[in-house]
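Following: one structure in structure tokens, then a few remarks.
The values are calculated or read from the model by the stated rules, or taken from the named source; none is laboratory data. Here the structure is a predicted model, which is why all the values come from computation and not from measurement. Positions of Cβ are backbone-derived with ideal geometry, glycine not excepted, and every protein chain shown enters the neighbour counts. The accessibility values were calculated without ligands, DNA or RNA, using every heavy atom of the protein model including side chains. Shrake-Rupley method; radii C 1.70, N 1.55, O 1.52, S 1.80 Å.
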Amino acid sequence: MPGEAAVDYNALPDDEFRARVRAFVESRYPEALRFLPRRVRMDEIRVWWNILAEHGWVAPNWPREWGGMGLEAGKMVIFLEEMERHGVARAADQGITQVGPILMKYGTDAQKAFYLPRTRSGEIIWCQGYSEPNAGSDLANLQTSAVIDGDHFVVNGQKIWTTLAHDATHIYLLVRTDREAKKQQGISFLLVDLDTPGITIRPIRNIAGHEEFCEVFFDNVRVPREVLVGNMNEGWTVAKALLGFERLNIGSPRRPQYALMRLEMLARSKGLFDDAGFLDRFTAIKLDLEDLAALYGRYVEQVKRGEPLGQDVSSLKIWAMEAWQRLTDLLVETGAEDGVIEGAQDIGGVEIDFLAPFYYARPGTIYGGSSEVQRNILSKYVLELPS
Ligand SMILES: Cc1cc2nc3c(=O)[nH]c(=O)nc-3n(C[C@H](O)[C@H](O)[C@H](O)COP(=O)(O)OP(=O)(O)OC[C@H]3O[C@@H](n4cnc5c(N)ncnc54)[C@H](O)[C@@H]3O)c2cc1C
């Protein structure tokens, strides 16, 4: 059993739990992986995954019976805050955050027994196969198909923007299983081993030069019918079951921390705090981040009270991502001619990579629902404006 299996974290006072998490992270997390301004690859972060797994902390959101920490919402927020405060990189953890909870809710006993322990140990690493070339914001338009042939599904089609598919062993897929039904109603949810013949994974290099996501092609891929999760044609419901926590986490005010720290150090080394123009802009962005912290804090309290998040949480995502982008814009501008040079540089004794955080912040207004789509949600459900 993991080292801390007997501890009931939910019974600990918040401060004590926070201190425990902080001490653990500070003593065990690899220094070289702090505040990485890019997605970390699995071969770099596996050492940390193993440390968490040994300690029984790899699945904070899972119940104890499946080897998780069984954290209730308030403790979960503290856990994530401490990880972010220390600059812990996010591993390919969708098996923990998404697949695990989905299987616990919709999986068969055989699926749970097979996938959950392997997912926790890191033997199985998952990637998310939802988006397609013509199905992103309008996800229900997806066309990758799965047709029943005896005891198998035969899958054909293409997924895109599949984060870290080249580091994954398995993919959870939304596929069309009924072309006659209304868009959302003909979709099913499958779990597919990426070693199955007929699958091709092609990494996509992003503007920062990192191969962070991939295209995944399916050419007559035969998978057993047991990989269906939930009922046939009800995959939309399965996939949508879990939006709560992710929506809060994506608005965490700690994400821009690296860029803010660097900007402050740079400004100090260049004496920019004596420049009224710079000070004005710096203060504005710092206040934006204070606003973000306050807004985030409000939603955290809501989650702690056990209340579901409403559609208004879209404002958190918009503000978090757009403030982060404004901050990294200012970082690049402040770097002046150095700000457009790739890679880390020594500026007056301060080591700064201007472009990495700038690039890292760019897709934030796209993934997890673009800013435009979030504004549509606010307009329709919160402001109740005519569409
Ligand atoms: C870093 C990153 C990682 C990702 N990882 C994954 C992953 O692991 N798995 C996965 O399945 N997907 C992943 N995605 C894909 C992501 O979910 C899609 O990019 C997103 O849903 C947007 O879809 P799209 O790229 O097709 O853009 P589109 O939907 O084509 O949108 C293009 C533009 O049109 C705007 N737009 C679209 N619809 C509307 C509307 N109704 N009103 C106003 N404006 C609109 C959008 O805001 C955007 O500016 C990832 C994306 C990124 C950037």
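Given only helices, namely DSSP H runs of n ≥ 4 each adding -39500 (n - 2.57), what is the per-residue ellipticity at 222 nm of the chain, to the nearest 500 deg cm²/dmol?
Calculated mean residue ellipticity at 222 nm is -12500 deg cm²/dmol.
With a ≥ b ≥ c taken as the square roots of the eigenvalues of the C-alpha gyration tensor of segment 199-345, please select rounded if a/c is under 1.5 and otherwise prolate if a/b is larger than b/c or oblate if it is not?
In terms of gyration-tensor shape, oblate.
With a 1.4 Å probe and all protein chains left in place, how much accessible area per residue does segment 1-106 have, in Å²?
Accessible surface, normalised per residue, equals 44 Å².
Tally Lys and Arg at +1 and Asp and Glu at -1 over the other residues with C-beta under 12 Å from the C-beta of residue 25: what net charge comes out?
+1
What part of the accessible area of segment 270-317, given as a whole %, is carbon or sulfur when the probe is 1.4 angstrom?
The C+S portion of the solvent-accessible surface of segment 270-317 is 54 percent.
Report the longest stretch of the chain that contains none of the chymotrypsin sites (Phe, Trp or Tyr not before Pro) sitting in a DSSP loop with at most 16 other Cβ atoms within 10 Å.
Formally, the longest exposed-site-free interval is 36-366.
Within segment 350-369, whose backbone N sits under 19 Å from a point 7 Å along Cα→Cβ of residue 336?
Residues 350-355 qualify, since their backbone N sits under 19 Å from the label point.
Within the chain, what is the longest stretch that has no trypsin sites (Lys or Arg not before Pro) placed in a DSSP loop and near at most 11 other beta-carbon atoms within 10 Å?
1-178
Along the Cα→Cβ direction, 7 angstrom out, place labels at residue 183 and residue 65. What is the inter-label distance in nm?
Using points 7 Å along Cα→Cβ, the separation is 3.8 nm.
Quick check: at a probe of 1.4 Å, how many percent of the accessible area of segment 27-125 sits on carbon and sulfur atoms?
50 percent
List the residue ranges in the chain for DSSP H helices whose C-alpha atoms run 20 angstrom or more along the long axis and whose Kyte-Doolittle average is 0.0 or above.
276-304, 314-334
Show me, for segment 136-141, the HN-Hα J-couplings you get by feeding each phi into the Karplus relation (A = 6.51, B = -1.76, C = 1.60, θ = phi - 60°), rounded to Hz, glycine and proline as x.
Listing the rounded values in order: x, 4, 8, 4, 5, 7 Hz.
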